[in-house]
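Coordinate-derived values only; no laboratory data. Not measured: the values here are computed from a predicted model. When we count neighbours, we look across all protein chains shown, and the Cβ atoms used for this are built from the backbone with ideal geometry, even at glycine.
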Amino acid sequence: MKSITLPESALNQLAQRIGDRLLEGHFFEKGRITGEELTSFADHGQINKFLIFQVFQAWEIQIGKLSHPYFNLDHPDIQQQLEGLKNQLSQHIEIKEADFRPMLSRAVYNNLRLILDPKASFADFFFAKGDKLPLADYERHAQFFSDLDFVVNSILRYYQKNEMAVVEKDVFFLKMEKVIEVFNRKSGQNFEQYRHELFKSLTGEELDAFQKAVQAKLEEERRRKEEEEARRRREEEARRQAEEEARRKEAEEARRKEEEARRKAEEEARRKEEEARRQNFFASAISKREDAPVFDLDDELDDEATPVTPEPTPEPIVEKTPALEPEPVVEEVVEEKATPTPVVESPPVEEEKSAPVGEMPPVLESKPEPVAEPKPEPVAERKPEPVAERKPEPEPKPELPQPEAEKDPQTVLDATKSDRPMTIAEKLASQRGQNPDKPTPLHQSLNGNRKIKLDEIPIHKQYQYVQKVFEGNNVRFRIIVDKVNNAQNKAEVEDILSKFVLSNGELDRNDPVVSEFLALLRNRF
């Protein structure tokens, strides 16, 4: 058995149309309809049965309301009297026309559902309150069916024959399928054809044609709704675009007004400034000047900063003080004894000291002292005056041989020492009379002027510092050295070390190379 589904709107419209047709030409006596008229109101008997069922439901509901805690309504005499009252009420049914019209529409609607979907209709009729129904209630309600009455009566007979007091929902529908199979086999009529005939008898239309018309109407309604929705979306989009355009124009106008106000304010400010400048001579005199660049001095060190290439250190220019030539001897004639002209000795030439690498040594300018002019005396005979002899410079004392210290095991650098040129540190050590084999600590050799010169640090030392302290980052090594050179005091050097060197948790502070590098930086001050 196949259920035929139609939209609720179509069913309601069809029920209303059938009800209006049944009411045509019917005249209610005194505006009312009686119970006798209900039994034969429509040609289709199922509509009359459903009208009577609605009255039956109202009759039971009203009688069931007769209860009160002060009265014993269960007394046999009361029950006998109530039964008589119910029978009397059933013989005096009168329904007003205004109340009857909705009753008729419901009866037609339920009849249509019974034909189109019998299973759902029986479920609502018998099992609306639960999946089980007492057989007595089922028997009392079964008499309200004329369409598909063979299904209801066949199942009633099955329960009565087997003396079962309760009708179960699942068993009911199993038996319903069985009854339909027997109907198709014994009646010589197909159940689906039977339903189509019932529909035509009730509505006057073919079921297939009505379904097609409903589907076409639904399709038309769907298309109309889609068009309406599309139209509404277009209108909404146009409205949104208009609002957006209006907002854009408002924003543009506001921006234009703001720009105009700003321009006017700037012009007014320039006018006032120019007026004030004209009134002040000094402001007018210094107003024309070029803007100088301004630099931010609080920039922090960046690991990835552009490497700072140190400028080449100019070679120290040592100007030697030229030796003062002796004054020309003026021969003077004296009478008896010539008074010798005092000879002014040239000031002793200071021994040149090697200036620290990277700084210009001071140039010693020798200024000759004024020579006293000889007083003229009676000249008897000019004799040459003795020329002052320059004192010979003391010869350097030979250095005493130093005892040789124990030689460390020869390294690659020691093996190649004779083949490589002397470093600046070794030259300085040799000039200061130090043993190049045991040079002084690097920080003492390089910090003569308290500046660290990268060119004075041996290449192999630089390589060790970069690898051990800066993990191979040569740029960071040069930046740290440059930053320490620019430090103003020892506290600033310590701050730089704390932030950019000692903050490395993997730094081995016990490594001699690390200790040497730290000492080199700390010896800046």
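Shown for Arg239, Arg21: other C-beta atoms within 10 Å of each C-beta, ranked fewest to most, produce the order Arg239, Arg21. FRET efficiency for the Glu250 to Glu219 pair, using the beta carbon distance and R₀ = 41 Å, is estimated at 0.35. Among the listed pairs Lys132/Lys212; Lys49/Lys178; Lys132/Lys178, those whose Cα-Cα separation exceeds 28 Å are Lys132/Lys212. Among Lys49, Lys272, Lys499, a tally of other beta-carbon atoms within 10 Å of each Cβ gives an order, fewest to most, of Lys272, Lys499, Lys49.
Counting beta carbons within 10 Å around each of Arg195, Arg263 and listing the fewest first gives the order Arg263, Arg195.
For segment 440-522, the dipole from Cβ point charges (+1 on Lys and Arg, -1 on Asp and Glu) about the Cα centre works out to 220 debye, to the nearest 20. Considering only Ile61, His44, Leu112, and ranking their Cα positions along the charge dipole of segment 1-119 that arises from unit charges at the beta-carbon of Lys, Arg, Asp and Glu, the one farthest toward the positive end is Leu112.
With the simple model of a label 7 Å out from the Cα in the direction of the Cβ, Leu507 to Val166 spans 9.0 nm. Given in Å, the Rg to one decimal and the Dmax to the nearest whole number for the Cα atoms of segment 86-185 are 15.7, 46.
Given axes a ≥ b ≥ c from the Cα gyration tensor, I'd like to know whether segment 440-522 is rounded (a/c under 1.5), prolate (a/b larger than b/c) or oblate. Before the final figure, lay out each step's value.
Working: a/c = 1.44, a/b = 1.09, b/c = 1.32.
Rounded shape, in that the Cα axes give a/c under 1.5.
Whole-percent P(r), segment 147-288, all Cα pairs, 5 Å bins from 0: 2, 7, 7, 7, 6, 6, 5, 5, 4, 4, 4, 4, 4, 3, 3, 3, 3, 3, 3, 3, 3, 3, 3, 3, 2, 0, 0.
Given +1 at the Cβ of Lys and Arg, -1 at the Cβ of Asp and Glu and no other charges, the dipole of segment 141-203 around its Cα centre is 160 debye to the nearest 20.
Model label sites at Lys212 and Glu235, defined 7 Å from Cα along the beta-carbon direction, differ in position by 3.6 nm. Exceeding 24 Å between C-alpha atoms, which entries from my cross-link table qualify? They are Lys161/Lys200; Lys161/Lys186; Lys468/Lys499. Table pairs above 24 Å Cα-Cα are Lys161/Lys200.
Rounded, prolate or oblate for segment 186-239? Axes are the square roots of the Cα gyration tensor eigenvalues, ordered a ≥ b ≥ c, and the cut-off for rounded is a/c under 1.5.
On the way: a/c = 7.27, a/b = 4.75, b/c = 1.53.
Prolate is the answer for segment 186-239, as a/c is 1.5 or above and a/b outweighs b/c.
Compared with the direct C-alpha span, the chain from Arg185 to Gln80 gains 33.0 nm at full extension, assuming 0.36 nm per residue. Seen through its C-alpha gyration tensor, with square-root eigenvalues sorted a ≥ b ≥ c, segment 8-205 comes out oblate because a/c lies at 1.5 or above while a/b is not bigger than b/c.
A Cβ-based charge dipole, computed about the Cα centre of segment 8-205 with Lys and Arg at +1 and Asp and Glu at -1, lands at about 280 debye. What does a probe at Asp131 reach in segment 153-177, counting residues whose amide N is under 15 Å from the point 7 Å along Cα→Cβ? Output list for this probe position: 167-174.
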